[in-house]
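I have placed the structure first, in the form of structure tokens, so that the comments after it can refer back to it.
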Amino acid sequence: MNQGGPETIASRQELLAHALMLQLEAAQRYEELAQCMEVHHMSEVASLFRVLAELYCHGVAEIEDRVQPSEMPAPWNCKWGTPEAPATPGLDQVRYMMSRCDGLHLALQCARQGRDFFSQAAQAATDVELQDLAWELAAQVRHQAEKITEWMLQERCDFAVTDLDPPNMPE
């Protein structure tokens, strides 16, 4: 893992392996978060995280037939440029009292990070086939972000991020 930024991905199989790892890690994390929310009796948020896990499981199913098992990198060898896959919510981003809208905001942010990873891979690719695949994978994650946005609209979530600790301006 390169902490300075994403490294260049050199082959189609390497890119597909990263796509599979991104979807798999996100699905696993959302399932972990669902279990944590259940412990805190936050069943509405747990339910949301299970739906998000399922969304990423569909992504896994779309990719896994295209990846050679021997091409799967160890998690610490992934070229994310971050400690975890870009679409994976960090444990430090979750609060036990979060609302469904908070969870959707987090999911949208993570999906956008996944999309950005594949967009950067497409821009860095020197091979046209690799570039096309990276754009295809970016579109797949963008579609996930669009679904999350639809859910935010259904929940009537505010799209503005609220500052929970606004500056105190003396009068």
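The values are calculated or read from the model by the stated rules, or taken from the named source; none is laboratory data. Keep in mind that what you see is a predicted model, and the values were worked out from it rather than measured. Every residue, glycine as well, gets a Cβ built from its backbone with ideal geometry; the counts of neighbours run over all protein chains shown. Heads up: the accessible areas ignore ligands, DNA and RNA and are worked out on the full protein's heavy atoms, side chains in. Shrake-Rupley method; radii C 1.70, N 1.55, O 1.52, S 1.80 Å.
Brief remarks follow.
- Using the Karplus relation 6.51 cos²θ - 1.76 cosθ + 1.60 with θ = phi - 60°, the per-residue 3J(HN,Hα) values for the range 62-75 come to 5, 9, 4, 6, 9, 10, 7, x, 5, 8, 5, x, 5, x Hz, with x marking Gly and Pro.
- Rounded percent of accessible protein surface that carbon and sulfur make up, the chain, 1.4 Å probe: 51
- Most to least packed among 40-46, 21-27 [average Cβ atoms within 10 Å]: 21-27, 40-46
- Between helix 12-39 and the chain there is an angle of about 20 degrees, using the helix long axis and the longest principal axis of the Cα atoms.
- Between helix 100-124 and the chain there is an angle of about 20 degrees, using the helix long axis and the longest principal axis of the Cα atoms.
- When you count the other C-beta atoms within 10 angstrom of each residue and take the mean per peptide, 105-112, 147-154 line up highest first as 105-112, 147-154.
- Solvent-accessible heavy-atom area per residue, rounded to whole Å², over the chain at 1.4 Å: 57
- Computed from Cα positions, the angle between helix 128-155 and the longest principal axis of the chain comes to roughly 20 degrees.
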